[in-house]
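A short worksheet on the structure shown next.
What follows is calculated from the coordinates using simple rules that are stated; it is not laboratory data. Please read all numbers here as calculations on a predicted model, not as lab measurements. Cβ atoms come from the backbone with ideal geometry, glycine included; neighbour counts cover every protein chain shown.
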Amino acid sequence: MKIIWSPLSLQKLNYYADYIARDNTDAAMAFIDEIENKAESLKAYPHKGRMIPALNDEMKRELVIKSNYLLLYEIHGDIIEILTIRHVKQKPKKPE
């Protein structure tokens, strides 16, 4: 399995890390590490995330990160595309 990051997912990762870094640089680095580790874990277990409820699509899934963030991804054969990262309090925009 190969992991690819969409431009939006990288933009969101940087946005949240910058936001966290305003108060705590170490926490921001830990956040990035956590996201990257969760994404890498999908190589072994691509279906470990739950289906995104609103989409009802077996290939579009989400993983909870530290109770506050969601890593949204899509499975394309042997490729996992990280679509975006969002805070759980954010309402999703269509399509995401």
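Considering only the stretch 30-40, state which residues are under 18 Å from Trp5 (Cβ atoms) and either over 13 Å from the mean Cα position of the chain (by Cα) or surrounded by 11 or more Cβ atoms within 10 Å (Cβ to Cβ) (or both). Correct list: Phe31, Ile32, Glu34, Ile35, Glu36, Lys38, Ala39, Glu40.
If I ask for residues that are among the small types (Gly, Ala, Ser) and out of contact with any Leu (no Cβ under 7 Å at 6 or more places or on another chain), which ones from the stretch 20-52 would you list?
The first filter runs over the stretch 20-52 and keeps only residues among the small types (Gly, Ala, Ser), leaving 21, 27-28, 30, 39, 41, 44, 49.
Hits for the stretch 20-52 are Ala21, Ala27, Ala28, Ala30, Ser41, Ala44.
Per the conditions (1) over 12 Å from the mean Cα position of the chain (by Cα); (2) assigned to a helix (DSSP H, G or I), the sole criterion not satisfied by Gln90 is (2). Assess whether Leu55 counts as being crowded, with 19+ Cβ neighbours inside 10 Å, of a type outside the set (D, E, K, R) and under 20 Å from Leu8 (Cα atoms). No: the conditions fail for Leu55. Consider Ile75 carefully, then state whether it is within 16 Å of Met1 (Cα to Cα), in contact (Cβ under 8 Å) with a residue 60 or more places away in the chain and either surrounded by fewer than 17 Cβ atoms within 10 Å (Cβ to Cβ) or out of contact with any Asp or Glu (no Cβ under 7 Å at 6 or more places or on another chain) (or both). Spelling it out, it is not the case that Ile75 is within 16 Å of Met1 (Cα to Cα), in contact (Cβ under 8 Å) with a residue 60 or more places away in the chain and either surrounded by fewer than 17 Cβ atoms within 10 Å (Cβ to Cβ) or out of contact with any Asp or Glu (no Cβ under 7 Å at 6 or more places or on another chain) (or both). Residues considered: Lys2, Lys43. Of these, the only one that is loosely packed, with under 11 Cβ neighbours inside 10 Å and either in contact with a strand residue (DSSP E or B) (Cβ under 9 Å, 6 or more places away or on another chain) or of a type outside the set (Phe, Trp, Tyr) (or both) is Lys2.
Every residue in the stretch 15-26 that is exposed (fewer than 14 other Cβ atoms within 10 Å of the Cβ) and not aromatic (Phe, Trp, Tyr), please.
Quick first cut of the stretch 15-26, residues exposed (fewer than 14 other Cβ atoms within 10 Å of the Cβ) only: 15, 18-19, 22-26.
Of everything in the stretch 15-26, those that are exposed (fewer than 14 other Cβ atoms within 10 Å of the Cβ) and not aromatic (Phe, Trp, Tyr) turn out to be Asp18, Arg22, Asp23, Asn24, Thr25, Asp26.
Find the residue count for the stretch 43-68, including only residues that are hydrophobic (A, V, I, L, M, F, W, C) and under 11 Å from the mean Cα position of the chain (by Cα).
Keep residues of the stretch 43-68 that are hydrophobic (A, V, I, L, M, F, W, C), which gives 44, 51-52, 54-55, 59, 63-65.
Narrowing the set further to residues that are under 11 Å from the mean Cα position of the chain (by Cα) leaves 63-65.
Qualifying residue count, the stretch 43-68: 3.
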